[in-house]
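Novice: Can you read through this structure? Questions will come right after.
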Amino acid sequence: MQAVVSVSGAPVTPEPAASNGFKIERNYFTLDGKPVDIAKARQNDRFAVVLKITEAKPEYGHIMVSDYLPAGLEIDNPHLVSSGDTGTLDWIEDGEEPENTEFRDDRFTAAIDRAADAKAVFTVAYVVRAVSPGKYVLPQAHVEDMYNPSRYGRSGTGSVEVLAAK
């Protein structure tokens, strides 16, 4: 007799930030480039989310960047509304043009092709809006080499409070 046991669930405590070939940092800014603390956002505020990735030793690879959103924020999709266009964020340094981007309800993803002679630091960005008042968990951002899973990085977790509009 053979038996198969399957278990699924969520960890009680989130995994800590990790860096194994990549380091990923997530920062929030006003749309004109001033740093902002996302922990106390106001409803209808808009922010630029900048994901800065540092590759310890640049290698050829297909890189996937995923940033999951807290429940109180929504992406301003540039394909649907002009307010989500990141072309106005010309203050961003080391910007990388992804091969593909997806603006989903729960996450932002970007696929990037990297070369061995590429710069070690690159960034991707998108625009979010605070929509629902409440306290939320800020999930981790992830970066990984799609065909070499031993190369990855993840940010830490945090919290966000969206305050009602005045």
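Readers should treat all values here as calculations from the given coordinates under stated rules, not as data from a laboratory. Values in this document were obtained by computation on a predicted structure and should not be read as measured data. Positions of Cβ are backbone-derived with ideal geometry, glycine not excepted, and every protein chain shown enters the neighbour counts.
Novice: Cα centroid distance between segment 1-66 and segment 129-166, in Å?
Specialist: Each part reduced to its Cα centre gives a spacing of 5 Å.
Novice: Just want to confirm a number: the relative contact order over the chain, from Cα pairs under 8 angstrom separated by 6+ residues, in percent. Provide the component values of the computation, followed by the final result.
Specialist: Details: 395 pairs, mean separation 58.4, N = 166.
Result for the chain is 35 percent.
Novice: Shifting gears a bit: Ratio of alpha-carbon Rg to the 2.2 N^0.38 Å globular estimate for the chain, to two decimals, please.
Specialist: Numbers: Rg = 17.1 Å, N = 166, 2.2 N^0.38 = 15.3 Å.
This ratio for the chain stands at 1.12.
Novice: Take the Cα gyration tensor of segment 2-51, multiply each eigenvalue by 5, square-root it, and list the three semi-axes largest first, rounded to whole angstrom.
Specialist: Details: eigenvalues 263, 56, 18 Å².
Over the Cα atoms of segment 2-51, the ellipsoid semi-axes are 36, 17, 10 Å.
Novice: Continuing with the same structure: So for each of 50-58, 6-14 I average, over its residues, the number of other beta carbons within 10 Å; can you give me the resulting order with the highest mean first?
Specialist: Values: 50-58: 18.1, 6-14: 5.9.
Highest-to-lowest ranking by the protection proxy: 50-58, 6-14.
Novice: Treating only the Cβ atoms of Lys and Arg (+1) and Asp and Glu (-1) as charged, compute the dipole magnitude of segment 10-122 about its Cα centre; round to the nearest 20 debye. Walk me through the numbers before you get to the answer.
Specialist: Working: 12 positive and 22 negative charges, 85 e Å.
In debye, rounded to 20, segment 10-122 gives about 400.
Novice: At a Förster distance of 41 Å, what's the computed FRET efficiency of residue 6 paired with residue 57, Cβ-Cβ distance as r, to 0.05? List each step's numbers first, then the result.
Specialist: Numbers: r = 38 Å, r/R0 = 0.92.
For residue 6 and residue 57, the calculated efficiency is 0.65.
Novice: In what sequence, highest mean first, do 129-137, 89-97 appear when ranked by Cβ atoms within 10 angstrom?
Specialist: Numbers: 129-137: 15.2, 89-97: 13.4.
Sorting 129-137, 89-97 by mean packing, highest first, produces 129-137, 89-97.
Novice: Compare the peptides 143-151, 41-49 by average per-residue count of other Cβ atoms within 10 angstrom and give them in order, highest first. Before the final figure, lay out each step's value.
Specialist: Numbers: 143-151: 15.3, 41-49: 18.0.
Order by mean packing, descending: 41-49, 143-151.
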